[in-house]
Amino acid sequence: MTRATPAERVAELRALIAHHDERYHLLDSPEITDAEYDALKRELLALEAEHPELATPDSPTQSVGAAPSGLFAEVRHQVPMMSLDNAQTEDELRSWADRLVRLVPELDLGALAFSCEPKVDGVAMSLTYEHGRFVQAATRGNGVVGEDVTDNVATVASVPKVLSPDAGPFPERLFVRGEIYLPTAAFLALNERQLAAGGKVFANPRNSAAGSLRQKDPAITASRPLAFWAYQVVRPEDPAAGAAAAGPWAPATQTEALAQLARAGFPVSPDARRVVGIDAVVERCAELAEHRHDLPYEIDGVVVKVDDLSLHRRLGQTSRAPRWAVAFKFPPEERATRLLGIEVSIGRTGRATPFARLVPVFVGGSTVQLATLHNEDQVRLKDVRPGDIVLVRKAGDVIPEVVGPMLDHPDAPRRRPRRWRFPTVCPSCGGPLVRLVGESDTYCTNIDCPAQRVQRIVHFASRSAMDIEGLGEQRVVQLVRAGLVDDPADLYHVEASQLVGLEGMGELSAANLLSAIEASKRQPLSRLLVALGIRHVGPTVARALATSFSSLDALRAASAESLAAVEGVGPVIADSVVEFLANPANQKVLDRLVAVGVTTHQPGAAGSATGLAQTLAGRSVVVTGTLPGYTREEAEAAIAARGGKSPGSVSSSTFAVVVGEAPGAAKLTKADQLGIPLVDGADFDRLLATGEVPGG
Ligand code: IVH
């Protein structure tokens with residue numbers, strides 16, 4: 001294997017981080033623990049510190065938050081949505097308070113009033129009201145530009161559409177900020193339903209709230225019992241917060257602001273408290289930490305704010321966060337439970353991961369009965385044995401892991417069984433489990449192993465890959481057991497008559513599944529590359545490869561050197577791609593995928609052979625809002641397939657702006673200012689076919 005230079009490793013780390021950012025922020029489905037993610041970031045930071053010439057302003061070490069997904073129109077926040085500085089310990093909380101006094105010396109920390117609010121773990125939202133009427137909802141995004149999720153938020157019952165007249169008169173424009181969340185009970189019920197339907201199970205309430213909001217179809221959002229807590233009033237005249245000129249919407253304190261929000265009809269957390277003095281703040285934080293699970297919603301900390309809003313203006317803000325507030329974050333939760341046994345699961349690459357089967361325990365907001373033990377060395381290091389009482393932690397509050405045995409626990413066994421030994425054969429196929437010298441992972445090397453097969457197909461159909469709706473793990477297991485599919489290419493040969501009669505599969509669901517499978521043939525090459533499950537190739541790398549090679553044939557013919565030359569690829573990824581494509585079994589699956597008509601080109605890539613007239617060659621067409629019959633991705637692909645580009649913003653070089661339903665106000669204003677022609681969404685097909693602006 002080629003050894004990576006620092007520059008190559010930096011590029012590779014950036015690609016990996018971008019991939020995991022995508023999994024976490026856009027797909028709401030993280031693949032690695034926060035600790036593993038942090039390790040990637042730390043390695044990148046260290047390399048950048050060691051080689052300053054490799055640091056770039058767009059490095060993930062420099063950025064906060066997530067870029068828009070492209071699924072929704074962009075919204076530029078008139079008043080940016082800032083983030084908060086964290087305090088992890090009582091000391092850090094007190095130092096935050098001490099800094100307040102350094103900035104405003106006459107403050108007395110013993111007498112200062114604070115608003116202590118539960119830090120709900122959901123999705124931050126900015127709601128716009130005009131004259132007391134709900135007009136727009138936007139996500140935080142990167143703080144400056146978020147996504148327009150108005151239609152989806154409109155389905156949330158507790159978001160008032162018209163504010164209560166008692167709370168008037170209303171300013172012309174008002175931003176109410178708060179958190180959309182899923183109450184814990186609703187989260188557990190949703191996961192049960194998803195499980196029963198063979199759908200995706202969410203890691204925690206935050207992921208499920210985010211996933212529910214990021215639906216193309218508001219009807220799906222409406223089916224999820226989302227709720228809202230309002231926590232901030234912002235007037236456009238006054239970026240600092242709250243208090244503006246005068247009137248009922250110019251509260252003097254945060255406590256008054258919350259009361260005013262409640263009067264207007266907004267749900268406000270009943271667990272927010274005004275307390276006096278920093279000692280009382282510390283006390284309230286401890287109290288909420290202890291009782292966090294008695295609340296009907298998930299919290300991951302306490303937001304502590306100076307109550308007096310006139311002080312907010314004096315304290316000001318850094319580029320990232322206001323100085324008048326801090327997020328006190330609870331430590332990761334740990335709970336004790338009994339370890340029933342240690343088993344091994346086989347992933348799609350054959351990796352054998354040991355995991356603990358536990359007496360169910362509620363930790364970090366969900367019930368845990370399985371927890372990872374990572375690999376053989378970790379089990380040896382922790383020396384956990386069946387029967388032990390073990391400590392379980394939600395790492396980054398996502399993936400539960402076993403911390404270690406509690407040997408002195410009153411319920412700990414007096415005599416422990418022998419040390420656990422890693423099995424030597426695969427639990428699924430009985431083939432040998434192999435651990436290579438110098439590696440920490442153990443693999444089942446049998447490419448025909450049924451467990452690997454199932455996981456490969458599950459991955460192929462997953463949301464970031466071919467996105468075949470209704471084809472979750474349970475369904476795949478069913479299809480493999482019934483002998484209908486062995487590999488992804490087999491999916492395209494399944495017939496309705498074979499499906500009907502499988503458990504839970506009627507004529508309608510069979511037809512739906514088949515049409516989802518058929519539709520997946522139209523996915524661009526980049527998704528096919530993700531779907532193949534090539535090691536190190538996630539959506540970001542796949543897009544880079546697909547755009548630069550534009551066709552599967554070109555990729556199959558490429559050398560490791562030419563692959564490694566693509567930005568963000570590097571030699572390790574390149575070797576992995578070459579090795580995958582050289583494998584005869586993989587080649588066979590690929591040939592069969594091509595034979596059934598799966599798309600093998602990347603629309604929009606240079607030299608892409610789409611066979612379509614290049615009506616928009618070299619032109620920029622900006623799309624805003626939803627176009628009839630197209631998802632955002634499809635609309636962009638359609639423009640690209642005609643040789644055009646569809647950037648995210650309007651500029652003087654924009655050829656036309658296509659206006660769909662619920663367009664972004666910023667884009668329309670800009671187009672108007674620059675005199676860019678607008679095309680009605682209904683005329684989009686005509687624009688594609690002719691390259692002419694109808695009526696223009
Ligand atoms: S105030 C500029 N209050 O915590 C101040 N934030 O980093 C803006 N959050 O995702 C935030 N509960 O959505 C504030 N009572 C509360 C909150 C709260 C939850 C979230 C917020 C953001 C994060 C702050």
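Rolling a 1.4 Å probe over the heavy atoms of the protein chains gives region 403-511 an accessible area of 58 Å² per residue.
Please report the spacing between the Cα centers of region 268-326 and region 438-481 in Å, no decimals. With region 268-326 and region 438-481 each reduced to a Cα centre, they are spaced 45 Å. Over all orientations, region 296-360 has a Cα convex hull whose mean projected area works out to 9.0 square nanometres. Taking the inverse of the mean 1/r over every pair of distinct Cα atoms in region 235-381 gives a Kirkwood hydrodynamic radius of 19.3 Å. Backbone phi angles across region 274-282, fed through the Karplus curve with coefficients 6.51, -1.76 and 1.60 (θ = phi - 60°), yield HN-Hα couplings of 8, 10, 10, x, 5, 5, 5, 5, 4 Hz in residue order; Gly and Pro are listed as x.
Net length available on complete extension from H51 to R173 is 39.1 nm, with 0.36 nm assigned per residue and the Cα-Cα distance removed. Net length available on complete extension from E334 to Q498 is 54.3 nm, with 0.36 nm assigned per residue and the Cα-Cα distance removed.
With labels modelled as points extended 7 Å from the Cα through the Cβ direction, what inter-label distance (nm, one decimal) is found for S649 paired with A665? With each label point 7 Å from Cα toward Cβ, the separation is 1.8 nm. The distance separating the Cα centre of region 611-659 from that of region 85-100 comes to 49 Å.
Under the criterion of Cα pairs below 8 Å and six or more residues apart, the relative contact order for region 470-532 equals 26 percent. Which FRET efficiency, nearest 0.05, do D85 and H291 yield, Cβ-Cβ r, R0 35 Å? E between D85 and H291, to the nearest 0.05, is 0.90. Local charge sum around L668 (other residues, Cβ-Cβ under 15 Å, Lys/Arg +1, Asp/Glu -1)? Its environment carries a net charge of -2. Per-residue Karplus couplings for region 572-578, computed as 6.51 cos²θ - 1.76 cosθ + 1.60 with θ equal to phi - 60°, are listed in order as 5, 5, 4, 4, 5, 5, 4 Hz, Gly and Pro entered as x. In region 354-473, taking the dipole from charged Cβ atoms about the Cα centre, the farthest positive-side position among S366, L436, G470 is held by L436. Under the simplified labelling scheme, the E579-A7 pair shows an inter-label distance of 2.5 nm, with each label point 7 Å from Cα along Cα→Cβ.
For S223 and A196 in the same chain, what is the full-extension length gain: residue separation times 0.36 nm, less their Cα-Cα distance, in nm?
Length gained between S223 and A196: 8.1 nm.
Per-residue 3J(HN,Hα) values for region 477-483, derived from phi via the Karplus relation 6.51 cos²θ - 1.76 cosθ + 1.60 with θ = phi - 60°, read 4, 4, 5, 5, 4, 6, x Hz in sequence order (x marks Gly and Pro).
What region 285-332 shows is 40 Å² of accessible area per residue, with the surface traced by a 1.4 Å probe over protein heavy atoms. Of the peptides 75-84, 12-21, the order by per-residue mean of other Cβ atoms within 10 Å, starting with the highest, comes out as 12-21, 75-84.
Taking amide hydrogens as placed 1.01 Å from N in the peptide plane, the amide H of L340 sits under 5 Å from those of R357, L358, V359, G387, each at least 5 positions away in sequence or on another chain. Ligands, DNA and RNA left out, the 1.4 Å accessible surface of the chain is 52% carbon and sulfur atoms. Cross-link reach is defined here as a Cα-Cα straight distance under 29 Å, omitting same-chain residues fewer than 8 places apart; for K588 the lysines meeting it are K521. Using a probe of 1.4 angstrom and keeping all protein chains present, the accessible surface of region 513-639 works out to 42 square angstrom per residue.
Close amide-amide hydrogen proximity is noted between V159 and no other residue 5 or more places distant or on a separate chain, at a cut-off under 5 Å (H modeled in the peptide plane; Pro and chain starts excluded).
Computed over the chain, the Cα gyration tensor eigenvalues convert (square root of 5λ each) into semi-axes of 42, 37, 25 Å, ordered from largest to smallest.
Would you mind telling me the antiparallel percentage of the DSSP bridges in region 592-696, rounded to 5?
For region 592-696, the DSSP antiparallel bridge percentage is about 10.
Here is the P(r) of region 648-694: all C-alpha pair distances, binned every 10 Å from 0, give 28, 55, 17 in whole percents.
Going by average Cβ density within 10 Å per residue, which order do the peptides 584-592, 518-526, 123-131, 213-221 take, highest to lowest?
Top to bottom by mean Cβ count within 10 Å: 123-131, 518-526, 213-221, 584-592.
Could you compute the net charge surrounding A46? Neighbours are other residues with a C-beta less than 13 Å from the C-beta of A46; K and R count +1, D and E count -1.
Spelling it out: positives minus negatives among the neighbours equals -1.
For K394, a cut-off of 21 angstrom between C-alpha atoms picks up these lysines, skipping any fewer than 8 places away in its own chain: K41, K119, K200, K329, K382. Across region 507-663, the volume of the C-alpha convex hull divided among the residues equals 145 Å³ per residue. At a Cβ-Cβ separation cutoff of 4.7 angstrom, cysteine residues of the chain with no neighbouring cysteine are C116, C285. Between amide H atoms placed 1.01 Å from N, distances below 5 Å from R173 occur with H131, all of them 5 or more places distant or on a separate chain.
Placing dummy labels 7 Å off each Cα toward the beta-carbon, the span from L109 to S559 is 6.5 nm. Among 635-642, 184-191, sorting by the average number of other beta carbon atoms lying within 10 angstrom of each residue, highest first, gives 635-642, 184-191.
The values are calculated or read from the model by the stated rules, or taken from the named source; none is laboratory data. None of these values were measured; they are calculated from a predicted model. Please note: Cβ atoms are built from the backbone with ideal geometry, for glycine as well, and neighbour counts cover all protein chains shown. Keep in mind that these areas ignore ligands, DNA and RNA; they rest on the heavy atoms of the full protein, side chains included. Shrake-Rupley method; radii C 1.70, N 1.55, O 1.52, S 1.80 Å.
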